[in-house]
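*Asks:* One structure follows; several queries about it will come next.
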Amino acid sequence: MKVKKHKRSARRKGRAFASLRKAAGHVAFRREHKPAVREIADRFGVRQETLSRMTGFSPRAVAEWARGKEPSAPAKRAFNEMERLRDALARLMRPKAVGQWLKEPKPAFDGSSPVQVIERGQMDRIWRMLYYAESGEPG
């Protein structure tokens, strides 16, 4: 009889662990807060229209997310990427100046604005420029 009780208690522990694991989610995927579209647009100093150009999602979808609808997983990834970009740019300039910098044409991008570069899917050019600016290497 002791064997059966042991098996039963092991099964119960396994079930309890499985339900706990499902409820908590993996630590690596947990975020402290959801990316709020209005908050991101305010931090960048851009309008939702510009944010939709930068993320590649329609202005209508961005407006719905700003009103509180839950963004899709690809949208969350795009907003997280935008937050990372804003944080990197804020290390080099005043955070309030980031929005204006994004809109102005730059010689480093062949006369295109950073928003246009992002819109074309060439975000790596901006990250490369940021790397050279932060490291002090000529580029």
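The values are calculated or read from the model by the stated rules, or taken from the named source; none is laboratory data. Computed from a predicted structure; not experimentally measured. Here Cβ is always computed from backbone atoms with ideal geometry, including for glycine, and neighbour counts include all displayed protein chains. For accessibility, only protein heavy atoms count, side chains too; no ligands or nucleic acids. Shrake-Rupley method; radii C 1.70, N 1.55, O 1.52, S 1.80 Å.
*Asks:* Which of the residues spanning segment 38-90 are in a loop (DSSP other than H, G, I, E, B) and either small (Gly, Ala, Ser) or surrounded by 13 or more Cβ atoms within 10 Å (Cβ to Cβ) (or both)?
*Replies:* Quick first cut of segment 38-90, residues in a loop (DSSP other than H, G, I, E, B) only: 45-47, 56-58, 67-72.
The answer is Gly45, Val46, Arg47, Gly56, Phe57, Ser58, Gly68, Pro71, Ser72.
*Asks:* Sort out which residues of segment 98-118 are part of a helix (DSSP H, G or I) and either in contact with a Cys (Cβ under 6 Å, 6 or more places away or on another chain) or free of Cβ contacts under 8 Å to residues at least 12 places away in the same chain (or both), and write them in order of number.
*Replies:* Hits for segment 98-118 are Pro107, Gln116, Val117.
*Asks:* While we're here: Can you name the residue in segment 107-119 that is open to solvent by 30 Å² or more (accessible area, probe 1.4 Å) and modelled with pLDDT of 90 or more and, of all such residues, is farthest from Gly45 (Cα to Cα)?
*Replies:* Quick first cut of segment 107-119, residues open to solvent by 30 Å² or more (accessible area, probe 1.4 Å) only: 107-108, 110-111, 116, 119.
Cutting the leftovers down to modelled with pLDDT of 90 or more gives us 107, 110-111, 116, 119.
Numbers: Pro107: 22, Asp110: 24, Gly111: 21, Gln116: 16, Glu119: 17 Å.
Result: Asp110.
*Asks:* Would you say Glu49 is touching a Pro at 6+ places or on another chain (Cβ under 7 Å), within 27 Å of Met129 (Cα to Cα) and of a type in the set (D, E, K, R)? Even if it seems obvious, please write down each step before you answer.
*Replies:* On the way: touching a Pro at 6+ places or on another chain (Cβ under 7 Å): yes; within 27 Å of Met129 (Cα to Cα): yes; of a type in the set (D, E, K, R): yes.
Yes; evaluated as a whole, the condition is true for this residue.
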